[in-house]
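The structure appears right after this line, and notes come after that.
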Amino acid sequence: MFAKKNKSRQVEFQDFLCGSSSMDYIFQENSYEEQIEKAASFINGADAILVGAGAGASAAAGLSYTGKRFTENFSEFIEKYGSFYMRDMYSAGFYPFPTEEAKWGYWSKHALLNRFEPPALPLYKELFDISRKKEYFVLTTNVDGQFQKAGFSAERIFATQGDYAKIQCQSACRKKTYYAENLFRKMDAARKNCIVPSELVPKCPVCGGRMAMNLRCDDFFVEDAQWHSQAERFAGFLEFCKSRKVVLFELGVGFNTPAIIRFPFEKLACENSSFILLRLNKDEPFVPKSLGNRAVGIGGDMAQAVFDIKNRLEN
Ligand SMILES: NC(=O)c1ccc[n+]([C@@H]2O[C@H](COP(=O)([O-])OP(=O)(O)OC[C@H]3O[C@@H](n4cnc5c(N)ncnc54)[C@H](O)[C@@H]3O)[C@@H](O)[C@H]2O)c1
Ligand SMILES: [Zn+2]
């Protein structure tokens with residue numbers, strides 16, 4: 001078991017991040033079957049798995065932010081604010097809502113639909129089945145709580161970009177977050193024409209100012225005590241991984257926020273000859289050529305690939 005890392009020698013999260021993209025990307029030419037076999041054998045032989053999951057993992061699991069799932073659940077909002085801004089659940093979150101009542105009218109619905117209502121989804125449960133047999137850790141930019149729901153230990157998940165379940169002071173006057181499920185449920189019951197009543201609009205208990213979702217979207221994102229604790233555990237896990245056989249299991253990470261998982265995973269694989277990069281990505285499965293045999297890039301829908309890999313694993 002890995003411990004929290006000694007603070008004085010800690011690899012800070014910022015040090016882990018890497019801004020340089022790979023210069024030698026290739027699409028691999030072996031067949032899908034060969035890639036699945038290779039992926040399964042790397043996992044079978046690994047001491048540890050570092051899961052790195054981006055938006056594509058939850059999209060593959062069923063939490064699509066586009067198409068019918070968006071237009072059917074947000075028809076009222078699309079009609080009110082127009083389809084130019086209200087294109088999908090990602091862009092809708094950036095709409096300049098004119099009032100706090102309108103802002104919370106949107107976000108309460110978004111949080112309930114993506115964070116609180118969905119049960120643990122089958123894809124995440126399969127990922128847990130794969131990971132639980134090894135020492136594992138999850139690094140994710142997802143904010144929908146799926147890893148924890150599926151059984152991954154909260155102590156082994158570092159969600160760097162926040163959590164739909166939490167709100168914070170908009171100007172980050174304190175490094176505190178507040179669990180908001182009950183508030184969102186009250187808002188949902190009281191929402192009319194996309195707006196929630198003024199009495200439900202939260203105010204910062206410290207400065208009395210506006211509140212915001214605890215999501216990294218500006219310089220005022222609150223990294224609370226739990227965030228720092230997980231950053232330390234993550235550093236401890238990286239330390240534990242040194243000289244061990246590690247699979248960097250990257251799932252649906254594109255170029256929206258590549259500096260948090262995608263580029264650092266390439267860097268880790270490049271610097272550690274016992275690390276394997278296993279990249280599952282529908283449209284961007286290319287991997288650094290320089291990693292040679294130590295990289296597998298599998299395109300297409302990852303739900304199928306995860307299922308196929310799992311079926312080839314030893315018990
Ligand atoms: N569920 C969530 O919590 C959620 C959802 C959307 C966005 N976000 C936020 O938005 C940002 C997104 O960054 P990102 O770099 O992860 O996203 P991105 O949009 O850059 O990349 C998503 C990647 O997933 C791949 N993908 C999509 N569907 C897939 C499927 N079915 N199978 C395999 N691969 C698939 C795409 O090819 C793409 O490369 C993050 O900061 C995150 O916090 C979070
Ligand atoms: Zn405040």
remark   = Going through (1) out of contact with any Asp or Glu (no Cβ under 6 Å at 6 or more places or on another chain); (2) at pLDDT below 95; (3) not in a loop (DSSP other than H, G, I, E, B) one by one, Glu250 fails only at (2)
remark   = Checking Phe249, Phe265 in turn, the sole residue that is crowded, with 19+ Cβ neighbours inside 10 Å, closer than 19 Å to Val138 by Cα and in contact with a Ser or Thr (Cβ under 8 Å, 6 or more places away or on another chain) turns out to be Phe249
key: Matching option when the condition is among the basic types (Lys, Arg) and either touching a Lys or Arg at 6+ places or on another chain (Cβ under 7 Å) or within 30 Å of Gly236 (Cβ to Cβ) (or both), among Arg156, Arg185   = Arg156
request  = Determine whether the stretch 285-300 contains at least one residue that is crowded, with 18+ Cβ neighbours inside 10 Å, under 18 Å from the mean Cα position of the chain (by Cα) and assigned by TED's automatic domain parsing to the domain that holds Glu34.
outcome  = yes
task = Give the residue that is farthest from ligand 1 (Cβ to nearest atom), with candidates limited to residues of the stretch 169-197 that are in a loop (DSSP other than H, G, I, E, B) and touching a strand residue (DSSP E or B) at 6+ places or on another chain (Cβ under 6 Å).
result = Gln170
message = Condition (residue is under 18 Å from the mean Cα position of the chain (by Cα) and either within 16 Å of ligand 2 (Cβ to nearest atom) or polar (S, T, N, Q) (or both)) applied to the stretch 242-260: is it met by at least one residue?
response = yes
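Mind counting the residues in the stretch 216-247 that are farther than 17 Å from Leu50 by Cα and part of a loop (DSSP other than H, G, I, E, B)?
9
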ask   = Hey, any hits in the stretch 199-206 for a residue that's more than 22 Å from Tyr95 (Cα to Cα), assigned to a helix (DSSP H, G or I), in contact (Cβ under 8 Å) with a residue 40 or more places away in the chain and more than 15 Å from ligand 2 (Cβ to nearest atom)?
value = no
task = Within the stretch 90-111, identify whether any single residue is part of a helix (DSSP H, G or I), over 19 Å from Tyr178 (Cα atoms) and touching a Leu at 6+ places or on another chain (Cβ under 9 Å), and answer yes or no.
result = no
inquiry  = I'd like the full set of residues that are free of Cβ contacts under 8 Å to residues at least 60 places away in the same chain and surrounded by 11 or more Cβ atoms within 10 Å (Cβ to Cβ), limited to the stretch 64-80.
reply    = Ser64, Tyr65, Thr66, Arg69, Phe70, Thr71, Asn73, Phe74, Ser75, Ile78, Glu79
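Going by the structure shown, is Gly151 closer than 26 Å to Ala46 by Cα, away from ligand 1 (no atom under 16 Å from the Cβ) and either touching a helix residue (DSSP H, G or I) at 6+ places or on another chain (Cβ under 6 Å) or in the same structural domain as Arg87 (by TED's automatic domain parsing) (or both)?
Working: closer than 26 Å to Ala46 by Cα: yes; away from ligand 1 (no atom under 16 Å from the Cβ): yes; either touching a helix residue (DSSP H, G or I) at 6+ places or on another chain (Cβ under 6 Å) or in the same structural domain as Arg87 (by TED's automatic domain parsing) (or both): yes.
Judged against the criteria, Gly151 is a match.
The values are calculated or read from the model by the stated rules, or taken from the named source; none is laboratory data. This one's a predicted model, so the numbers in the text were calculated from it and none came from an experiment. Counting neighbours? That spans all protein chains shown, and the Cβs are built from the backbone with ideal geometry, glycine included.
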